[in-house]
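Participant: Let me begin by handing over the structure; questions about it come next.
The values are calculated or read from the model by the stated rules, or taken from the named source; none is laboratory data. This structure is a prediction, so every number in the text was calculated from the model and none was measured. A quick note on method: Cβ atoms are made from the backbone with ideal geometry, for glycine too, and the neighbour counts reach across all protein chains shown.
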Amino acid sequence: MPKISEWRHPGSLAPELYRPPPRDAEVVEAATRRVALGEIDPVAEVATRPYVKIAPTEPDLPSSRLRFLNSFWHSLLRTGNLPDASHIDPSELRPAIGNLVILEPIGDGTDFLYRLYGTYVAEAAGRDWTGWSVAAMCEKTGSPYSCFYRATYRASLKMRTAIYTEHCSPDYLATVAWRRLILPFQNEDGEVTRLLVGNIPIGTRELLADQLARQARALG
């Protein structure tokens, strides 16, 4: 896997390397263990009404696009093995293409790189984060959800299973909440090298002037 030091913030004349704070990996690993145990509130901290479901079934998924992705992933499962990452073919994923995010583990898998950030997701999030790591994005925006995001992604990687989550957006976004389905894919050596994520924005709200100002600062 690539090391975090190999990735730079894109789109800058003088790119900066993201330097995680001390004990960052330790904090994410502890949060990952809590996700696996179903102890969600301490992981989310300031996230409002977070919800996590390990190995969701069709009735657990309130979106037709997420149900489609779940069925696609399950159709590729083989005994003892996850689907191969080479099977992530956009032509087969058209019903959900704008809501897709593809992540690659960085280093020890306590952070993840956005390889693809779907157009509908980018519109709801305020910008396209392709090429950024999750931690770097949260550092840039001042998002309090960095640990929640990375812990749920890492839990899917380590448990080698699908995970469904719901959480509210930062209040500077017009999108009210998000529904995510995280699906792990492996390489030929059995190592999880990609996460295919269906990300559905839920609801909209009118932003006040101070929220719009925070949005401008967060999204650049």
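Participant: How about segment 157-178: which of its residues are touching a helix residue (DSSP H, G or I) at 6+ places or on another chain (Cβ under 7 Å), of a type in the set (S, T, Y) and within 15 Å of V197 (Cβ to Cβ)?
Facilitator: Once the filter is applied, which keeps residues that are touching a helix residue (DSSP H, G or I) at 6+ places or on another chain (Cβ under 7 Å), of a type in the set (S, T, Y) and within 15 Å of V197 (Cβ to Cβ), segment 157-178 yields Y164, T165.
Participant: Here is a further query. What's the number of the condition E188 fails, among (1) surrounded by fewer than 15 Cβ atoms within 10 Å (Cβ to Cβ); (2) closer than 25 Å to T57 by Cβ; (3) among the charged types (D, E, K, R)?
Facilitator: (2)
Participant: Moving on. Which residue, of G98, G131, G109, is assigned to a loop (DSSP other than H, G, I, E, B) and either over 21 Å from V35 (Cβ atoms) or of a type in the set (D, E, K, R) (or both)? Quick ask: steps written out before the conclusion?
Facilitator: Values: G98 fails: assigned to a loop (DSSP other than H, G, I, E, B); G109 fails: either over 21 Å from V35 (Cβ atoms) or of a type in the set (D, E, K, R) (or both).
Only one candidate passes the filter, namely G131.
Participant: Shifting gears a bit: For a quick check of your reading of the model, give me the residue pairs whose first member lies in segment 73-94 and is without any contact (Cβ under 8 Å) to a residue 24 or more places away in the chain and surrounded by 11 or more Cβ atoms within 10 Å (Cβ to Cβ), whose second is outside any helix (DSSP H, G or I) and not charged (D, E, K, R), with beta-carbon atoms closer than 6 Å and at least 6 apart or on different chains.
Facilitator: Cβ pairs passing all conditions: L76/P83.
Participant: Output the number of the condition that G131 fails; it satisfies all remaining conditions of (1) at pLDDT below 90; (2) under 15 Å from the mean Cα position of the chain (by Cα); (3) farther than 23 Å from E58 by Cα; (4) crowded, with 20+ Cβ neighbours inside 10 Å.
Facilitator: It fails just one condition, (4).
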